[in-house]
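Please read the structure below before turning to the comments.
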Number of protein chains: 2
Amino acid sequence: MDALSVAQRKLMPEMSELLKKRYQILQTIYLEQPIGRRTLSEVAGATEREIRKETDLLRNQQLIEMKTAGMTVTSQGVEVLEKLKVFVREISGLTDMEMELQTILGISKVVILPQDSDEIPAVKSHIGKEAARLLEVLFGRYKKIAVTGGSTMAAISKELSIGKPNRALQFIAARGGLGEDVLHQANTIAAAFAEKTGGSFKTLYLPDHLSVEAFAMMMKEPVIKEMMDLYDQTDIVVHGIGNAEEMAVRRHSSLEEVEKIRSGGAVSEAFGYYFDKDGKIVYRIRTAGIQLEQVQKASTILAVAGGGSKARAILSYFKNAPNPTVLVTDEGAARKIIELTKKLEEL
Amino acid sequence: MDALSVAQRKLMPEMSELLKKRYQILQTIYLEQPIGRRTLSEVAGATEREIRKETDLLRNQQLIEMKTAGMTVTSQGVEVLEKLKVFVREISGLTDMEMELQTILGISKVVILPQDSDEIPAVKSHIGKEAARLLEVLFGRYKKIAVTGGSTMAAISKELSIGKPNRALQFIAARGGLGEDVLHQANTIAAAFAEKTGGSFKTLYLPDHLSVEAFAMMMKEPVIKEMMDLYDQTDIVVHGIGNAEEMAVRRHSSLEEVEKIRSGGAVSEAFGYYFDKDGKIVYRIRTAGIQLEQVQKASTILAVAGGGSKARAILSYFKNAPNPTVLVTDEGAARKIIELTKKLEEL
DNA sequence: TTTAATGGGACAAAAAACGTCCAGCTAGAA
DNA sequence: TTCTAGCTGGACGTTTTTTGTCCCATTAAA
């Protein structure tokens, strides 16, 4: 940050918070436009009054327009968003925090987005957008992309821009149906990615909790075998990170499974594997899907997870995560991770 | 101004005013330190409450310190003042206004300081400080400086910094006592300049309103003659600009004089000359002192005058002012001058 | 010792911000 | 076409903040 900005912040300390707030509102309008006052207040995590005050101002400044359909960002508004992007990151201390997280997690790249997606739903979209941008760059070089499920992954698919169709891209569902609701299943996500980019997709339909025998049988099926081969050729893996217990509950795991997860001290979950606080594999769901070794062979791994509640899980997963992994997360998670790490060091 | 600042101002329009206000308060404290809340509120033209609110904040930001003797600016505060100086000028539009005034007045350099000295007494000190800085640079090249009287000139003398004494400097009172109070007479000012810079000074003591005979007689006196010769060698002339009627009143001019001044449509006054709205000389006080031709021969002429009330006078004086003149003024005067000029153009 | 200035505390009055409705309108779905 | 969900803008009592204005104990200088 230049000396001018430092002096400015010194003389007007209230400016930082205000700027961040307005920026976030403007950005959210941009992302969700057209959007109304009430909807915006929910998604931006602010009261209706506050939204109203700020949007009135934004309109006076000709950064947004209000029509009967809702509010939209003007070209001037877009420009302001672009010009202030780096600055907002700096006054939030995000750039510094990214460096810190890279050291803590032992990976080469971390991208942190402002705010906490636990508190402000719109932040999830921002994370999705950022991940989408990163992916789009990679699409130039790599064509085989394995994707997992989850709401975060769904957010990415929403933010993929519909440029010129890229028929070479192949999206592979990293797992079969894992008991999650359809919208957030890997299969659905893979289809969504393919639709947005103009690529193709491969799904894996295999029920959970098969008996050992049935599982062995299925693995011999050509359809399934083909997928297993595809996993070997994967260039990019895009996946979320979940809280172990939450995932177990959401997947309606059997009592036996829950017991193993719990007794093993599982903290995090990613592509069907459960990890304890030291990053050791505690349990893995016995179902078809990408294997850890296959993930590790990929050229690029993109992990996406945000919200303070995910901090422990992220920390756990990255104890033994492959080094080329890139993490996209948010301020809430980042702060919590740093806090947890500091506490641990004190002991 | 860079794109970042433009975007920032777009998103936070209230920032500009706030920044200007705080900057001005901080600057005033710096100039008058140590100073108390009440005194500051008078000199800065703000209510006690407002001053209190802002100074509390400035203290929290460690830009000022509050002791029992009053408030003082910390080193951090000084730094902020320096770093933001140019920026404050820009957001006030002063840089643009300077260019505009240069065109309107037909001179090569104008310096405008924020605010209006009519409303805020402290602005006079700021003008004085700026003029003092400009002069100090010139002192390197030029040694013979003629100075007039007036409160503005007094403000300059107060702000001259006491560097290493410069014995070569010679300050010459441009006029004799003109009926003003002693503190603001040219003689006193010349002495003050000399004291601050370590130079010498020459005074001219000659009563006002002499009869024609007595005047002729005095002009033959060696003491007086010496001064007249000095005026011929003057390098720099520093002078204020006054409102014609005000000056006439302050100098207790005779009825006859006042009548001449009034009937002639005099608007401005400078070193004893009265000018009408077109810059024509309407009247000149018959007393010893520098002559207009001598002023015009000087290498540099520094005119200093501020406050909206001086706008007409400044405009009048500069109709025929020598081109190498530099004007130091304030925002109040500058805005009024521009306003008046625009009105004139419309007719 | 006196005096004039200082920062800090206090508090009622005024102003601004806030939460929360409702009315009227419009675009898109049915 | 009608219907409906979602939009903006207006309104208003309540709460919170800001403002104006004192006084007081303290301190540095005269």
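Enumerate the residues in region B:320-346 having an amide nitrogen under 18 Å from the point lying 7 Å beyond the Cα of B:THR103 toward its Cβ. Output list for this probe position: B:334-346. Computed with a 1.4 Å probe on the full set of protein chains, the accessible area for B:GLU90 sits at about 60 Å². DSSP beta bridges fully contained in chain A are about 40 percent antiparallel. Can you tell which of A:ILE162, A:ILE314, A:ILE35 shows the greatest fluctuation in a Gaussian network model of chain A with Cα springs below 10 Å? Largest GNM mean-square fluctuation: A:ILE162.
Between copies, B:GLU14 shows label-point distances of 0.6 nm, shortest first, with the point placed 7 angstrom from Cα along Cα to C-beta. Placing a label point 7 Å from Cα along the Cα-to-Cβ axis, B:SER263 is separated from the same position in the other copies by 11.9 nm, shortest listed first. The residues neighbouring A:MET99, those whose beta-carbon lies less than 15 Å from its own, together hold a net charge of -2 under the Lys/Arg +1, Asp/Glu -1 convention. When only alpha carbons are used to place a centre, region B:268-300 and region B:111-190 end up 19 Å from one another. I need the shape label for region B:285-329. Rule: rounded when a/c is under 1.5, else prolate if a/b > b/c, else oblate, with a, b, c from the alpha carbon gyration tensor. Because a/c hits 1.5 or more and a/b fails to exceed b/c, region B:285-329 counts as oblate. Overall shape: oblate for region B:124-179, with the ratio a/c of the largest to smallest alpha carbon gyration tensor axis at 1.5 or above and b/c at least equal to a/b.
Under 14 Å from the Cβ of B:LYS143, count the other residues' Cβ atoms, weight Lys and Arg +1, Asp and Glu -1, and hand me the total.
Result for the local shell: +2.
Placing unit charges on the Cβ atoms only, positive for Lys and Arg and negative for Asp and Glu, gives the protein assembly as shown a dipole magnitude near 600 debye about its Cα centre. Remark: region A:6-144 carries a charge dipole of roughly 400 debye about the Cα centre, counting +1 on each Lys and Arg Cβ and -1 on each Asp and Glu Cβ.
Computed extension length for B:ALA168-B:ARG262: 29.6 nm, one decimal, from 0.36 nm per residue of separation with the Cα-Cα distance subtracted.
Exposure check, 1.4 Å probe, all protein chains in place: A:LYS202 carries approximately 70 Å² of accessible surface. Full extension of the chain between A:SER16 and A:ARG133 yields a length gain of 39.5 nm, computed as 0.36 nm times the residue separation minus the alpha carbon distance.
On a per residue basis, the convex hull of the C-alpha atoms belonging to region B:1-60 measures out at 100 Å³. For the pair A:VAL182 and A:SER299 in one chain, pulling the backbone fully straight at 0.36 nm per residue adds 39.2 nm over the alpha carbon distance. Note on the protein assembly as shown: with neighbouring protein chains present and a 1.4 Å probe, carbon and sulfur make up 53 percent of its accessible heavy-atom surface.
Closest approach of a chain A beta carbon to the axis mapping chain A onto chain B (residue, whole Å): A:MET15, 3. Annotation for A:GLY140, label-to-label distances across the other copies: 5.1 nm (shortest first, one decimal, point 7 Å from Cα along Cα→Cβ). Put a dot 7 Å past the Cα of B:MET1, heading toward its Cβ, do the same for B:ASN320, and the two dots end up 4.1 nm apart. Largest accessible area first, the residues B:GLU213, B:GLU269 order themselves as B:GLU213, B:GLU269 under a 1.4 Å probe with ligands, DNA and RNA left out. In this simple spin-label approximation, A:LYS225 and B:SER200 carry label points 7 Å from Cα along the Cα→Cβ vector, and these lie 11.3 nm apart. Here the dipole of region A:130-192 is about 400 debye; that uses its Cα centre as origin and unit charges on the Cβ of Lys and Arg (positive) and Asp and Glu (negative).
Kindly identify region A:170-315 as rounded, prolate or oblate by the Cα gyration tensor criterion: order the square roots of the eigenvalues as a ≥ b ≥ c, call it rounded if a/c is under 1.5, otherwise compare a/b with b/c, prolate if a/b is larger, else oblate. It comes out oblate by the Cα gyration axes. The A-B contact accounts for approximately 2400 Å² of buried accessible area, totalled over both chains at a 1.4 Å probe radius.
Annotation: A:ARG89 carries an accessible surface of approximately 40 Å², with a 1.4 Å probe and no ligand, DNA or RNA atoms counted. Take every pair of alpha-carbon atoms less than 8 Å apart whose residues are at least six positions apart; their mean separation over the length of chain A yields a relative contact order of 17 percent.
The distance linking region A:311-325 with region B:7-55 is 50 Å (Cα centroid to Cα centroid, whole angstrom). Here the simple spin-label model places points 7 Å from the Cα toward Cβ, and for A:LYS158 and A:SER254 these points are separated by 3.6 nm.
When the Cα positions of B:ILE285, B:SER268, B:LEU18 are compared along the charge dipole of chain B, B:LEU18 comes out farthest toward the positive end, with charges on each C-beta of Lys, Arg, Asp and Glu.
Legend: calculated FRET efficiency, A:THR72 to B:LYS280, from the Cβ-Cβ distance at R0 = 45 Å, rounded to 0.05, equals 0.15.
The values are calculated or read from the model by the stated rules, or taken from the named source; none is laboratory data. Predicted model, so just to flag it, every value in this text is computed and none were measured. We place every Cβ from the backbone using ideal geometry, glycine too, and count neighbours over all the protein chains shown. Quick note on the areas: whole protein, heavy atoms, side chains included, nothing else; ligands and nucleic acids left out. Shrake-Rupley method; radii C 1.70, N 1.55, O 1.52, S 1.80 Å.
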